1. Test of understanding: among Thr85, Thr80, Thr2, which residue is farther than 24 Å from Leu192 by Cα, of a type outside the set (Gly, Ala, Ser) and surrounded by 14 or more Cβ atoms within 10 Å (Cβ to Cβ)?
2. State all residues of region 116-125 that are part of a loop (DSSP other than H, G, I, E, B) and either open to solvent by less than 10 Å² (accessible area, probe 1.4 Å) or among the β-branched types (Val, Ile, Thr) (or both); if no residue qualifies, say none.
3. Between a first residue in region 3-20 that is under 11 Å from Leu32 (Cα atoms) and among the charged types (D, E, K, R) and a second residue that is open to solvent by less than 70 Å² (accessible area, probe 1.4 Å) and outside any loop (DSSP other than H, G, I, E, B), which pairs have beta carbons less than 9 Å apart while being 6 or more apart in sequence or on different chains?
4. Within region 88-112, how many residues are part of a strand (DSSP E or B), open to solvent by 40 Å² or more (accessible area, probe 1.4 Å) and modelled with pLDDT under 95?
5. Please go through region 151-188 and pick out each residue that is small (Gly, Ala, Ser) and in contact (Cβ under 8 Å) with a residue 24 or more places away in the chain.
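The values are calculated or read from the model by the stated rules, or taken from the named source; none is laboratory data. If you're wondering where the values come from, they're calculated on a predicted model, not measured in any experiment. Glycine gets a Cβ as well: all are built from the backbone with ideal geometry, and neighbour counts include every protein chain shown. These area figures cover heavy atoms from the full protein model, side chains too; ligands, DNA and RNA do not enter into them. Shrake-Rupley method; radii C 1.70, N 1.55, O 1.52, S 1.80 Å.
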Amino acid sequence: MTVMDGDLISPTNCVRQPFSRFESGHYKAVVLVNRLNLFWNLGWEALPEHLSGKEALDRIDVVIGCVDTRASRAVIRDRTSGWSTVAYVLDIGNTSDSGQFILGEPLNQVNRRSRTRLRTVFELYPESVDGSLDDDALPSCSAAEAIEKQEPFVNQVLAQHALALLARLFRYGNVSYHGGFINLRDGCGGRLPVDPKLWRRIRKRNAAAA
């Protein structure tokens, strides 16, 4: 398991993420991986850098993307398709009070075209990788403003659902759904079934709206 993140811990991160103010200025990936390795006696690796278009993603089973820009999501799409041998991509994204988790099989050297290949978030929702839609506003340095921009627990709820989906895949070897949507404002959610007909409807709807 490799955790890649080039971000440093800021005081604002300490408001809702498991960091202390004494860890400010250190790399998030290094701090978190060191904790997990010490507690569980694991051998995880931390890479304190952002994924770019240069790294080769080979001999990797699952790529889990938790990024906050569409441009970053596009990099993951590019690095896991084409000549890549990545088997699965799990995308987790959120807004202020809602979000999605979608498991897909990118079209590459491992996953060929087929009716039942799990479609990725990039294919079903092309706007998710449209960098022109990114908000260029800088993150707030105020803890109060940060809380106003995002409701508490939205990240944790999505992470638990995503992990439950992966657990079912690893334990049983198959899934009846490959994603879902959570809305904490209304207290509701929905799942994304493994259904080629639904995938076609979603893509046609998005194409018509473009």
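1. The match here is Thr85.
2. Thr116, Thr120
3. As it stands, the answer is Asp5/Lys28; Asp5/Ala29; Asp5/Val30; Asp5/Leu32; Asp5/Ala46; Asp5/Leu47, since those pairs meet every condition given.
4. Of the residues in that region, 1 qualify.
5. Ala159, Ala162, Gly179, Gly180
Conditions (1) modelled with pLDDT under 95; (2) at negative phi; (3) surrounded by 11 or more Cβ atoms within 10 Å (Cβ to Cβ), marked per residue:
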site: Ser114; (1), (2), (3): yes, yes, no
site: Glu127; (1), (2), (3): yes, yes, yes
site: Gly131; (1), (2), (3): yes, yes, yes
site: Ala137; (1), (2), (3): yes, yes, no
site: Asn155; (1), (2), (3): yes, yes, yes
site: Arg171; (1), (2), (3): no, yes, no
site: Arg191; (1), (2), (3): no, yes, yes
site: Val194; (1), (2), (3): no, yes, yes
site: Lys204; (1), (2), (3): yes, yes, no
